[in-house]
1. Six or more apart or on different chains, Cβ under 8 Å: which pairs go from a residue in the range 98-113 that's more than 14 Å from His57 (Cβ to Cβ) and in contact (Cβ under 8 Å) with a residue 12 or more places away in the chain to one that's among the hydroxyl-bearing types (Ser, Thr, Tyr) and in a strand (DSSP E or B)? Could you list them?
2. Which one of the conditions (1) in contact (Cβ under 8 Å) with a residue 60 or more places away in the chain; (2) within 15 Å of the chain's Cα centre (by Cα) does His57 fail to meet, given that it meets all the rest?
3. Give me a count of the residues in the range 29-41 that are surrounded by 10 or more Cβ atoms within 10 Å (Cβ to Cβ) and either modelled with pLDDT under 95 or in contact with an Asp or Glu (Cβ under 8 Å, 6 or more places away or on another chain) (or both).
4. Condition check: in a loop (DSSP other than H, G, I, E, B) and touching a residue at least 60 places away in the same chain (Cβ under 8 Å). Does Phe78 satisfy that?
5. I'm trying to understand the selection: among the residues of the range 73-113, which are acidic (Asp, Glu), surrounded by 12 or more Cβ atoms within 10 Å (Cβ to Cβ) and more than 13 Å from the chain's Cα centre (by Cα)?
6. Out of the residues in the range 1-50 meeting the condition of being touching a residue at least 60 places away in the same chain (Cβ under 8 Å) and assigned to a helix (DSSP H, G or I), tell me which one is nearest to Pro80 (Cα to Cα).
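The values are calculated or read from the model by the stated rules, or taken from the named source; none is laboratory data. Just so you know, these numbers come straight off a predicted model, no measurement behind them. Cβ placement follows ideal geometry from the backbone for every residue including glycine, while neighbour counts extend to all protein chains displayed.
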Amino acid sequence: MNTAQAITIYKATQKGKGQSLLERGFHPEDFPYYPPMADGKCYFAAPNSRNLAEEYHRYYKDGILEVTIDSEIYDQFFKPLEKPYQGGEKVELAIPHDLFPLLNQYPRVLKPR
């Protein structure tokens, strides 16, 4: 992966889940589908919205997981998932189960904040 041509997305991890996501990656059983409470998607803050992950980190307190993805792959598969968070300027991505294998191919780093 050419890091000059890479995009980083951010996920505030819930208490006790950060290390597991770092080591194992993303799996459907970690993001269950139980409507209307859980839609089965894994939510990330988009590349220019790290502060959204920081907001959630204040509640979850388990770190921020950063995933760095090749920009071409990001543009093709993940950028179409971008949407304004609660209608504001911050942008989120709701990644469905079928993209987890692709997401898991990219490096993950868990940062305290």
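1. Tyr106/Thr68; Pro107/Thr68; Val109/Thr68
2. (1)
3. Total satisfying the criteria: 7.
4. no
5. Asp75
6. Only one residue tops the list, namely Gln5.
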